[in-house]
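**Q** One structure is given below, represented as structure tokens, and several questions about it will come after.
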Amino acid sequence: MELRAVCVLLWTSCVLRCGVAHQDFFTSIGQMTDLLFTEKDLVTSLKDYIKAEESKLEQVKQWAEKLDSLTLTATQDPEGFLGHPVNAFKLMKRLNTEWGDLENLVLKDMSQRFISNLTILRQNFPNKDDETGAAKALLRLQDTYKLDTHSISTGNLPGVDLGKLPYKSTMTVEDCFELGKVAYSESDYHHTELWMAQALRQLDEGESTEVDEAAVLDYLSYSVYQQGDLETALDYTRRLLLIDPGHQRANGNLKYFEYQLAKQREAEEAEKGERTRDGVARGKREVESDAADDDFQPEKRKYERLCRGEGLKMTPRRQSRLFCRYFDNNRHPRYMIGPVKQEDEWDRPHIVRFHDIVTDGEIAKVKQLAKPRLRRATVHNPETGELTTAHYRVSKSAWLVENEHPVVDRINQRIEDLTGLEVSTAEELQVANYGVGGQYEPHYDFGRKDEPDAFKELGTGNRIATWLLYMSDVAAGGATVFTEVGAAVRPMKGTAVFWYNLFPSGEGDYSTRHAACPVLVGNKWVSNKWIHERGQEFRRRCGLDELDRNSPVLPHLLHHLL
């Protein structure tokens, strides 16, 4: 009964902490933190098992030491020893009863409780998809922020103050090898080569490991061959055969690579030294590959550059026209005495940031309300109009409805007061937590002409504006970038940025195309409010005669007046 009670207790604890099993843990740092507590429970259970085993062995050891001394004395004069009736009785007792008890003790399985706990908790562990997703996230971070494998492996990530973030972690040969295998399974031979080469370097430096060097070289030779570098593939294959001369695949590859290299050199000579495509050196090959990708994916390159802080298009002249101010939204009653701090982040489109807009306590409550409901983020499918899992959005989100808690109501009211827009027809407050390498690739918030039914089920028209609230600082990465105009807005806890998605005419503003950069280090929490067209009439408390004619809100309100 005691074991059953412990199992039930741990099961309940895990369900409360982990939520539903196998729900893409890697897409939410918030939910991944719960796994640490689950692992802590397991470690406690494991230590209890070790103590039980040690106690058992100590009892066996004491029994053996006692009998060792006794039998040594008894066997020196067996008849004399057994001549004492008590010794004769105790021998019968030991052999008939006590050795049986010892046998039961030795056979007793002290691991039963730990194994039961582990079996129950493993039902809520991350699965292979989570491990693969986390590995792909590392590769994505490597590309986006141009990180070399050594920096990642040693934990020396750029932009991180280890004094403020003392959780530096390093990668073993096994870690590098597994990351390379994930890349290989995706036919990503470029990253396979990078991480197998890193594993090989750490092996050459003498790191102790159970990873077979021949296996690393096998992956390396094939990955560089797939990228057209025959000479390097041949070098790795020869090194492999020095370790394992009987390696069947390597012996076959050696002959094939030598044959292909000979043909390549003949072709080079025939073309008077002009390299064929297969003969291009790896460094040049990568440059050409990047150039080709740039032609086919210009936005991705632009997006990654902005994430790194490159490619910003704000000139000093334009920068001089951006201002900070105390904002009371035309003497709004709630902000006349205590206006908020507002800062221009960008001019076209006009993006403003409100500072100190929520308290730490309000943020904590919003996260507490959202955390149990976090689910993998979904997006509208433009063809079907339905919500589908977004593979290009690595995060989890939850929706908080109005009136479910005073904090949610206060935030909604604050948005309405500061923007001058009606939020009763807006979407619910969405809370999002980004996972390992969490990102959201370039997208529009509004529905385009080619997707007329994007928000039909809501019956509130298009998304006129976006309010994005940052609920955490991010140590490195995680910026919101606008790829069409070259703008980047960094997360700052307690601030919110606001922009219009539509022109006064109702047409979509395509310059608002934006993305969430991968989180390099840290934990990113945001909440957003998408405000819709319907219901944007002037309220009596605003008063058209009191509204500043120069306010950026005015043209939009005039157009969307019902």
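The values are calculated or read from the model by the stated rules, or taken from the named source; none is laboratory data. Please read all numbers here as calculations on a predicted model, not as lab measurements. Cβ placement follows ideal geometry from the backbone for every residue including glycine, while neighbour counts extend to all protein chains displayed. Quick note on the areas: whole protein, heavy atoms, side chains included, nothing else; ligands and nucleic acids left out. Shrake-Rupley method; radii C 1.70, N 1.55, O 1.52, S 1.80 Å.
**Q** If you place +1 on the Cβ of every Lys and Arg and -1 on the Cβ of every Asp and Glu, how big does the dipole about the Cα centre of the range 32-84 come out, in debye to the nearest 20?
**A** Value, rounded to 20: 80 debye.
**Q** Using 7 Å Cα-to-Cβ label points, what is the His84/Glu205 separation (nm, one decimal)?
**A** Each label point lies 7 Å from its Cα, and together they span 6.6 nm.
**Q** Something else about it: Can you give me the long-range amide H partners of Asp445? Hydrogens built in the peptide plane at 1.01 Å from N, cutoff under 5 Å, separation of 5 or more residues or another chain.
**A** Under 5 Å from the amide H of Asp445: no residue qualifies.
**Q** Hey, if you drop one equal point scatterer on each alpha-carbon of the range 45-193 and run the Debye formula without solvent, what base-10 log of I(q)/I(0) do you get at q = 0.14 Å⁻¹?
**A** The Debye formula, applied to the Cα set alone, gives -0.88.
**Q** Okay, next question. With every protein chain in place, what's the accessible area of Arg249 (1.4 Å probe, Å², nearest 10)?
**A** For Arg249, solvent-accessible area is about 140 Å².
**Q** Between Val60 and Val43, what is the label-to-label distance in nm when each label sits 7 Å out along the Cα-to-Cβ direction?
**A** Taking the simple label geometry, Val60 and Val43 are separated by 2.8 nm.
**Q** Could you pull out every residue, at least 5 positions away or on a different chain, whose amide H is within less than 5 Å of the one on Ala465? Hs are placed 1.01 Å off N in the peptide plane, and Pro or chain starts have none.
**A** Amide H neighbours of Ala465, under 5 Å, 5+ apart: Asn501, Ile531.
**Q** Along the Cα→Cβ direction, 7 angstrom out, place labels at Thr172 and Ser111. What is the inter-label distance in nm?
**A** With each label point 7 Å from Cα toward Cβ, the separation is 1.9 nm.
**Q** Please compute the length gained on full extension between Arg94 and Ser320, using 0.36 nm multiplied by the number of residues separating them and subtracting their Cα-Cα distance.
**A** My answer for the length gained is 71.8 nm.
**Q** Can you tell which of Gly83, Thr119, Leu70 lies farthest toward the positive end of the dipole of the range 61-135, using +1 and -1 charges on the Cβ of basic and acidic side chains (Lys, Arg; Asp, Glu)?
**A** Gly83
**Q** For the modelled label position 7 Å from the Cα of Ser151 along Cα-to-Cβ, which residues of the range 485-522 have backbone nitrogen atoms closer than 19 Å?
**A** Counting only backbone N, you get 517-522.
**Q** In the range 202-256, with Lys and Arg counted as +1 and Asp and Glu as -1 at Cβ, which of these residues, Val216, Tyr256, Thr232, has the Cα nearest the positive end of the dipole, that is, farthest along it?
**A** It is Tyr256, whose Cα lies furthest towards the positive end.
**Q** Now, a different point. Can you tell which of Asn528, Ala515, Met492 lies farthest toward the positive end of the dipole of the range 489-538, using +1 and -1 charges on the Cβ of basic and acidic side chains (Lys, Arg; Asp, Glu)?
**A** Farthest towards the positive pole: Met492.
**Q** Same structure, new question: I'd like the Karplus ³J(HN,Hα) series for the range 474-489: coefficients 6.51, -1.76, 1.60, θ = phi - 60°, whole numbers in Hz, and an x wherever there's a Gly or Pro.
**A** 3J(HN,Hα) across the range 474-489, in whole Hz: 10, 4, 7, x, x, 6, 9, 10, 10, 5, 6, 10, x, 9, 9, 10.
**Q** Between Lys456 and Arg373, how high is the FRET efficiency from 1/(1 + (r/R0)^6) when r is the Cβ-Cβ distance and R₀ = 22 Å? Nearest 0.05.
**A** For Lys456 and Arg373, the calculated efficiency is 0.30.
**Q** Sticking with this structure for a sec: Stretched out fully, how many nm does the piece from Arg410 to Lys51 gain, at 0.36 nm a residue minus the Cα gap?
**A** Additional length available on full extension: 124.0 nm.
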